[in-house]
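The values are calculated or read from the model by the stated rules, or taken from the named source; none is laboratory data. Computed from a prediction, not measured in an experiment: that's the story for all the values here. Cβ: placed from backbone, ideal geometry, glycine included. Neighbour counts: every protein chain shown.
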Amino acid sequence: MYSELLEFLVCPKCKHALHLTIDEGKDDEIITGTVFCNDNHRFQIRNGVVDFNSVEQEFANNWSELHKEYENDYDKVDQEIQSRMPELLKQQQKLVIEKFKDFLIKQKPNFVLDIATGRGDLIRALLEDTDPNINYICTDLSYDVLMYDRLKLKKRYPNKRINFIACDASNLPIRNNSMDAVISFYGIANMADKTVGGIKDAKRVLKKNASLLNSVMYVEENSEAQKIIEESFKEYGINGFSFFTEPNIRDTYKEGSFPQMTIEVVAEGIGEYNELDLVPVEGHWYALAIIDSKK
Ligand SMILES: C[S@@+](CC[C@H](N)C(=O)[O-])C[C@H]1O[C@@H](n2cnc3c(N)ncnc32)[C@H](O)[C@@H]1O
Ligand SMILES: [Zn+2]
């Protein structure tokens, strides 16, 4: 964590400001320490990551298990996931990432919050090609995945002051009206039953007139593909939730009090065999779209 993050942080339990004690620092970065509020809610900074004690999802994205399986060889995890992704989808995802770059180049934001950074596909590409003065704040439920993101990015960009926060994006430890942009590359789309909360909270932390740029993948309404996805969620015990068709997505944004949005389809195709994700569904139409919603 870098000290400039502190003014943006609030306690996720009581929303009061946080104070900082530093136990260990290196090159201006706080590696070990504590953030705490006046109600004495305390959270550790470990390996440079502020840990708000969020717990990984049970049904997907179990990063700590996967890292264990690969003996903490995070580069191998990345390679493995890349090699299993259908080739067409890989190309299409690059087009989506280009849209994020264009957006940031146009908007020139100062502080940008990345919701659900995961293994950091988006952030890596952005660091390569966007304004070096942008301050990125990476978030994820998984402390583990952020810890490795930090190491990966440190190796490549040793001088960048990137902040990492392990937290639940439906209850961000971030001040109201403070972010110049919030971005999410299939992060909000992965929040399952917390999606509405994620949209609401992204809006809360944005400054007025600032945008949430969010990429989504969807299938045709009332199609077999929609049924297949919904059934899978039911199997995981997640009911009454859908964010996989355009009308569903619009409704979810309305529910999240963020009705003003534009959806741009960036790519479409027919799903190939895909062992990694529920969408695209093999043999069924899908679209990759980017949603811009301005506060
Ligand atoms: C597909 S990954 C996102 C990809 C990522 N944005 C990238 O650029 O590589 C989905 C991520 O969402 C995270 N996630 C799911 N629910 C979340 C929540 N409520 N708060 C924060 N992160 C969440 C998961 O831990 C997982 O890392
Ligand atoms: Zn507190």
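Does segment 21-33 include one or more residues that are within 14 Å of ligand 2 (Cβ to nearest atom), outside the structural domain of K194 (by TED's automatic domain parsing), in contact with an Asp or Glu (Cβ under 9 Å, 6 or more places away or on another chain) and not in a helix (DSSP H, G or I)? Within segment 21-33, not a single residue is within 14 Å of ligand 2 (Cβ to nearest atom), outside the structural domain of K194 (by TED's automatic domain parsing), in contact with an Asp or Glu (Cβ under 9 Å, 6 or more places away or on another chain) and not in a helix (DSSP H, G or I). As a summary of the residue check, K90 satisfies the conditions (1) exposed (fewer than 13 other Cβ atoms within 10 Å of the Cβ); (2) farther than 17 Å from Y186 by Cα; (3) free of Cβ contacts under 8 Å to residues at least 60 places away in the same chain except for the one numbered (2).
Note on segment 125-153: among residues that are without any contact (Cβ under 8 Å) to a residue 40 or more places away in the chain and surrounded by fewer than 17 Cβ atoms within 10 Å (Cβ to Cβ), the one that is farthest from ligand 1 (Cβ to nearest atom) is N133. Of the numbered criteria (1) within 26 Å of Q44 (Cβ to Cβ); (2) in contact with a helix residue (DSSP H, G or I) (Cβ under 8 Å, 6 or more places away or on another chain), the one C167 fails is (2). Filtering segment 6-56 to residues that are modelled with pLDDT under 95 and touching a helix residue (DSSP H, G or I) at 6+ places or on another chain (Cβ under 7 Å) leaves only E56. Just for segment 1-60: of the residues that are within 16 Å of ligand 1 (Cβ to nearest atom) and of a type in the set (G, A, S), which one is surrounded by the most Cβ atoms within 10 Å (Cβ to Cβ)? The qualifying residue surrounded by the most Cβ atoms within 10 Å (Cβ to Cβ) is S54. Can you find even one residue in segment 54-66 that is at negative phi, in a strand (DSSP E or B) and within 16 Å of ligand 2 (Cβ to nearest atom)? Checked against the condition, which is being at negative phi, in a strand (DSSP E or B) and within 16 Å of ligand 2 (Cβ to nearest atom), segment 54-66 yields no hits at all. Among the conditions (1) surrounded by 24 or more Cβ atoms within 10 Å (Cβ to Cβ); (2) away from ligand 2 (no atom under 16 Å from the Cβ), the only one that I228 does not satisfy is (1).
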